[in-house]
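Reading through the structure tokens given below for one structure.
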Amino acid sequence: MPLFIFLILPLFLLIITVISFTGITDPNGSEKKNKKSELKLFNGKNLDDWYTYLKERGKNVDPKNVLTVKNCMIRISGEEFGCITSNDEVEN
């Protein structure tokens, strides 16, 4: 029993961890991505495919730049309560 616990079990757990992180789940490659169904929601440059909404101002009225893009990330200053919403309707 001690041999199993100290040698084989850690090796087994290591193999399972490596497989799960590398995505090797199907040797036949059945997890092919369908490029037609892929949708890139955020381009990393601007909010062109989104509209902003601030509670006190309404849709697409953001004079204080509460919702912006900086360094490829969406930045929300928190100065006013609001959100961004996709222009297109999407689902899972």
**Residue exposure sequence - E38, E80 - by fewest surrounding Cβ within 10 Å** = E38, E80
**Request:** For each of D49, D62, D88, count neighbouring Cβ atoms within 10 Å of the residue's Cβ, then give the residues from fewest to most.
**Result:** D88, D49, D62
**Asked** Shape of segment 42-92 from its Cα gyration tensor (a ≥ b ≥ c, root eigenvalues): rounded if a/c is under 1.5, otherwise prolate when a/b > b/c, or oblate?
**Response** oblate
**Prompt:** How do the peptides 50-56, 8-14, 66-72 rank, highest first, by the average count of neighbouring beta carbon atoms within 10 Å per residue?
**Reply:** 50-56, 66-72, 8-14
**Message:** Just want to confirm a number: the relative contact order over segment 42-92, from Cα pairs under 8 angstrom separated by 6+ residues, in percent.
**Reply:** 40 percent
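A short reminder: the numbers here are calculations on the coordinates, not readings from a lab. These numbers come from a predicted model, not from an experiment. Positions of Cβ are generated from backbone atoms using ideal geometry, with glycine treated the same way; all protein chains shown enter the neighbour counts.
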